[in-house]
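Each remark here refers to the structure printed beneath this line.
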Amino acid sequence: MLLALLVLVGCAEATKEEEPEKRPNIIFMMSDDHAYQAISAYSNHLIETPNIDRLAKEGMIFTNACVTNSICAPSRAVILTGKHSHLNGKIDNRFPFDTTQMTFPQLLQDAGYQTAMFGKLHFGNNPKGFDQFKILPGQGTYYNPDFITKNEGRIRVEGYTTDLITDMTLDWMDNERDSEKPFLLMYLHKAPHREWLPPERHYKEYIKKTFPEPATLFDNYDGRGSAAKEAEMNLLTHMNWAGDSKIYPEVMDELGIPETANWDKRAFEREVGRQNEEQRAAWDAVYGPMNEEFKKKYPTMTDKEKMQWRYQRYMQDYLGSIAAVDDNVGRLLHYLDENDLTDNTLIIYTSDQGFYLGEHGWFDKRFIYDESFKTPLLARWPGKIEPGSSSDLMVQNLDFAQTLLDAAGVAQPDDMQGESLVPLLTGKMDDWTREAVYYHYYEYPSVHMVKRHYGIVTPEYKLAHFYFDVDEWELYDRKKDTQEMKNVYDDPAYAEVVAELKTKLAELRVKYKDSEELDQKYIDAYQLDK
Ligand code: SGN
Ligand code: CA
């Protein structure tokens, strides 16, 4: 009898040991243009984001995560393929994404994962490797959006986009999720992308707030090259009055304010004009009085005052849009808690790139400079990631594909160019060897006019080469000049650093298979495409 019992216990032990670890569910949460400066786990000088912060408290925060090409669709292509833009071909927002390429969701689906995508993809074609998807066409809209769906064609849904993306996600979790399989969920917000329209519950509150100005709001770009001077992303001179600051087109006419871009008023119509009667009445009850006040102030405002006013208006709408993202992240986390899904789910929260919140007087992104080059990154994986941990290593959006494949126990294709972050996440950092990252931005000439450039970034320095219609180099000492105000490329004290970094940059270009031929190829293709 005792022997039989021992044998039985022995068998149970053996089965326990042999039972393969359950593959984790994966939720990849990404918002669009969400600056790390606007997540309170990074800094709470602008906004509190308690739900997003929960991921940092219960997981890991990365303080030096960055992108390879700071713009929307290219970033998404890098994430899906695990390859730099020059290899995956999606160098800018206009080039088509080549859907014959392998992406990590296809590999996860092949390996038995149930896969779904909700929200913004921005490729102009549908994602491959998804059992279900509902995506916004192009940039999408904030109110009453259209969705392109896998099973129902193009649909229009009444409501506020950030909330709707979550409704669809939760509906899928409730009604379509196959509990026999692990899942990959890509939960992709449009917010807080331009033109920054919050829902009523937040604009009511945010329009009354005042935010601290960044130290470089009045930057005159001295000390840098022509790229910073010629970029068209200044809050005072390049922001739309109607589209961005929400001044009514008729108020602009009354005050004699010309359109900033020739689509300034059209942008307002495209977004605010999409609201239904009820939404519009609620909007006007709050933005109407703001317009009235502006009418009184405007005629005597100095340029400095206009800049300050525009900065506050920008932050009110941008941060109000983020407040809704945070609410919805909270809804999703709550659903996981309630449905016993928290423990075996790896969650990533990131943005497709960083964003300028008035630093250097700017909005938008594109540059290799920190606010757009860096991106928020938080990861939670109970039992695997130490709660409250952080990493300042230079990880990139290039690493996500391999990381998620690795987490799922799926082989990483040899031609992917990133590195799995799983060792970092699980506290086995010994084999992390990356000392520098490579960056390459292409979309020029185009909206915001940020010149083409590539460069190398190490924890200490940033070296960038601006090319195409210029041939200029910039070097920043990241430790001494954290705001990147002084290009020290020509400073003899840095001659050795320049020489060393140029060698390393050339090596990185070889390593990642970028080249002058490819630079030229993408210039030629762009010209033809014009
Ligand atoms: C639109 C925006 C630009 C933005 C690009 C790219 N203007 O053109 O400000 O830089 O998208 O953004 S808008 O008024 O039409 O919104 S991205 O996130 O898709 O790369
Ligand atoms: Ca973006």
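Restricting region 22-39 to residues that are away from ligand 2 (no atom under 15 Å from the Cβ) and over 30 Å from A215 (Cβ atoms), which is surrounded by the fewest Cβ atoms within 10 Å (Cβ to Cβ)?
Only one residue tops the list, namely K22.
Looking only at region 261-293, count how many residues are under 22 Å from L357 (Cα atoms) and either over 26 Å from the mean Cα position of the chain (by Cα) or in the same structural domain as E359 (by TED's automatic domain parsing) (or both).
Qualifying residue count, region 261-293: 2.
Take the residues in region 120-138 that are touching an Asp or Glu at 6+ places or on another chain (Cβ under 9 Å) and surrounded by 16 or more Cβ atoms within 10 Å (Cβ to Cβ); name whichever of them is nearest to D174 (Cα to Cα).
The extreme case among them is Q132.
What about E419, is it assigned by TED's automatic domain parsing to the domain that holds A525, charged (D, E, K, R) and more than 16 Å from ligand 2 (Cβ to nearest atom)? If you could, list the steps in order and put the result at the bottom.
Numbers: assigned by TED's automatic domain parsing to the domain that holds A525: no; charged (D, E, K, R): yes; more than 16 Å from ligand 2 (Cβ to nearest atom): yes.
So E419 does not fit the description; no.
Return the residues of region 105-138 that are away from ligand 2 (no atom under 16 Å from the Cβ), within 17 Å of G153 (Cα to Cα) and either touching a residue at least 60 places away in the same chain (Cβ under 8 Å) or of a type in the set (D, E) (or both); say none if nothing qualifies.
Within region 105-138, A116, M117, F118, D131 qualify.
Looking only at strands (runs of 3 or more DSSP E) that fall completely inside region 145-212, which ones have 1 or more residues that are open to solvent by less than 20 Å² (accessible area, probe 1.4 Å) and under 25 Å from L346 (Cβ atoms)?
183-188
When you check D174 against the structure, is it acidic (D, E), under 27 Å from Q316 (Cβ atoms) and out of contact with any Ser or Thr (no Cβ under 7 Å at 6 or more places or on another chain), yes or no?
Taking the combined requirement at face value, the residue does not satisfy it.
Kindly indicate the residue of region 307-353 that is within 16 Å of ligand 1 (Cβ to nearest atom) and aromatic (F, W, Y) and also farthest from N234 (Cα to Cα) among those meeting that condition.
By that ranking, first place goes to Y318.
How many residues are in contact with a His (Cβ under 9 Å, 6 or more places away or on another chain) and of a type in the set (F, W, Y) when one looks only at region 313-338?
0
Give the residue that is farthest from L378 (Cα to Cα), with candidates limited to residues of region 403-462 that are of a type in the set (S, T, Y) and surrounded by 20 or more Cβ atoms within 10 Å (Cβ to Cβ).
Applying the filter and picking the extreme gives Y444.
Residues in region 108-120: is at least one under 14 Å from the mean Cα position of the chain (by Cα), more than 16 Å from ligand 1 (Cβ to nearest atom) and closer than 24 Å to Y318 by Cβ? I'd like the intermediate steps shown before the answer.
Step one: filter region 108-120 for residues under 14 Å from the mean Cα position of the chain (by Cα), giving 119-120.
Now restrict to residues that are more than 16 Å from ligand 1 (Cβ to nearest atom): none.
No, there is no match, as no residue in region 108-120 is under 14 Å from the mean Cα position of the chain (by Cα), more than 16 Å from ligand 1 (Cβ to nearest atom) and closer than 24 Å to Y318 by Cβ.
Check E500, E517 and return the single one that is open to solvent by 60 Å² or more (accessible area, probe 1.4 Å), free of Cβ contacts under 8 Å to residues at least 40 places away in the same chain, of a type outside the set (F, W, Y) and closer than 24 Å to K83 by Cα. Break it down into steps so the answer makes sense when it comes.
Values: E500 fails: closer than 24 Å to K83 by Cα.
Just a single option satisfies the conditions, and that option is E517.
Quick one: what pairs do we get from region 440-456, first residue away from ligand 2 (no atom under 15 Å from the Cβ), second at pLDDT below 95 and assigned to a strand (DSSP E or B), C-beta under 6 Å, 6+ apart or different chains?
Every condition considered, no pair remains.
The values are calculated or read from the model by the stated rules, or taken from the named source; none is laboratory data. Keep in mind the model is a prediction, meaning the values are calculated, not measured. Don't worry about glycine lacking a Cβ; one is built from the backbone with ideal geometry, like all the others, and counts go over all protein chains shown. Heavy atoms of the whole protein, side chains included, go into the accessibility calculation; ligands, DNA and RNA do not. Shrake-Rupley method; radii C 1.70, N 1.55, O 1.52, S 1.80 Å.
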